[in-house]
Each structure stands twice: as C-alpha cells, then as structure tokens.
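Following this message is one structure expressed as structure tokens.
Computed from the coordinates by the stated procedures, all read-outs in this text should not be read as laboratory data. As the structure is a computational prediction, the values presented were derived from the model and not from experiment. When we count neighbours, we look across all protein chains shown, and the Cβ atoms used for this are built from the backbone with ideal geometry, even at glycine.
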Amino acid sequence: MYFSKLLLLVAEITAVAALPSPVALEPRQDVVVVKNGSFNEVMGLGRDLRINLIYPSGANGAVMVEYQHGKDRSLLTSQNRAPAPAPAGFVPLEPVSYRMTMEGTNGGSNFDFLKIDYILNADKVGKLNIRNGIFAKFNNGQGAFSVATDGPLEYVSNSERTMLSMDLGRKGSFDGEWGFFIPTADAIAGGLTTA
C-alpha cells in the first residue's frame, strides 16, 4: 500500500515537472504576417506586427518588403515600365523599376524592422546567379540609377527561397525608385541578356 502511494506521488511530481514553463505558454512575439501586395494600390502595413508584403512576380523574381513599427503606415508601389538604363556593367533583372512611397501617422522612424528583398522565381533558381547582384535607386540629380547605399546587402539561399535582401535600418525608408541588377557576365551565363 505504502509502495503504491509512493509510485503515485512520483508519477504526479513527474507530470508536474513535465509541464512547460509559463514563459513557453506566452504568445509568440515573432509572428510574421505575409500579405500579397498589388501595384498602384495603397497597402496597409499595420501596427506592431511584422508584415511581409510580397508583390506579383515579374520575369525573374518578386519584390517583397518587410516592415514592423509601432505606428500605422501605408505603402504605394508602382512600376515604371520605361526605366533608366542599368548602371554600367550590370543588366536589370526586370524590365521595370519600382517606385515606392511610404506614408503614415506621425511618429518618426525608429522602425523595428525595415527590409526590401528581391526573391528569385523558383524556375530561375540554379539558372540565374544573383549572389553578386545590386540594388540601385534612381538619382534624380543625375538622371540615372546609382548603387543603393541605404543598408547592407545580404544574399540568402535555402530550401524556401533564393533572394537578395537590403536591411534599411531603424531610420531607413522605402521611398524612391528601385531597380535590381546583376553583373553582365552573370546575366549572360544565365541566359539573360535583356530583362
């Protein structure tokens, strides 16, 4: 009798010890909401949520923006179908450039998360090498694209996607006309002489 009560007590202690800690039961703070974007339409970026807004794919890839901030914002993205030429030594990945304007309530910058990505279409992975690609912004003063220096550029390739990503930082901005380019040699090797 004593032995069976002891076994029951040990079983109860083991069951309690196996329960997850209170921290593990808290809601996750790293939830990402993925939304489909539309060109020429104001897209809400929400508040206090990490938003990945992905636009329709082009010839070789798709543009995605990643955003998180405590204030509401909206983003308008349009395509320029007659963009300026690529910087010397580069070929555009798309026959268009992307004009972005972000608006929202007052509150400054200090973004929690602000990135712009170019994601290679699945059928182009292994064919087009974007590792040495660049992001460029149209410079109104020069009337041409120049290499964007808004933040560090990162190449990511895994089982889910292959992409170039620029972290715009806490005080960055999506505003401007963006183009995505790869070196001419990589473009020719991938069968892309013109976008």
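What FRET efficiency comes out for the pair Ser57/Lys171, r = Cβ-Cβ distance, R0 = 30 Å, nearest 0.05? Could you put the intermediate results ahead of the total?
On the way: r = 30 Å, r/R0 = 1.01.
The pair Ser57/Lys171 has a calculated efficiency of 0.50.
So how far apart, in nm, are the two label points at Lys71 and Tyr155 if each is 7 Å from Cα heading toward Cβ?
Between Lys71 and Tyr155, the simple spin-label model gives 3.7 nm.
If you place +1 on the Cβ of every Lys and Arg and -1 on the Cβ of every Asp and Glu, how big does the dipole about the Cα centre of region 31-189 come out, in debye to the nearest 20? Before the final figure, lay out the partial values.
Numbers: 15 positive and 16 negative charges, 1 e Å.
With Lys and Arg at +1 and Asp and Glu at -1, about 0 debye.
Which entries of Lys35/Lys124; Lys35/Lys171; Lys127/Lys171 show an alpha-carbon separation above 29 angstrom in the structure shown? Before the final figure, lay out each step's value.
On the way: Lys35/Lys124 23 Å; Lys35/Lys171 23 Å; Lys127/Lys171 35 Å.
As for pairs spanning more than 29 Å Cα to Cα, those are Lys127/Lys171.
Asp123 versus Val42, label points 7 Å from Cα toward the beta carbon: distance in nm?
Distance between the two pseudo-spin positions: 3.6 nm.
Write down the Kirkwood hydrodynamic radius of region 34-169, to one decimal in angstroms, obtained as one divided by the mean of 1/r over all alpha carbon pairs. List each step's numbers first, then the result.
Values: mean 1/r = 0.0634 Å⁻¹.
Hydrodynamic radius (Kirkwood, Cα pairs) of region 34-169 is 15.8 Å.
Same structure again: For region 116-195, I need the span (max minus min coordinate) of the C-alpha atoms along each principal axis, in Å, sorted largest to smallest.
Cα extents, longest axis first: 35, 28, 15 Å.
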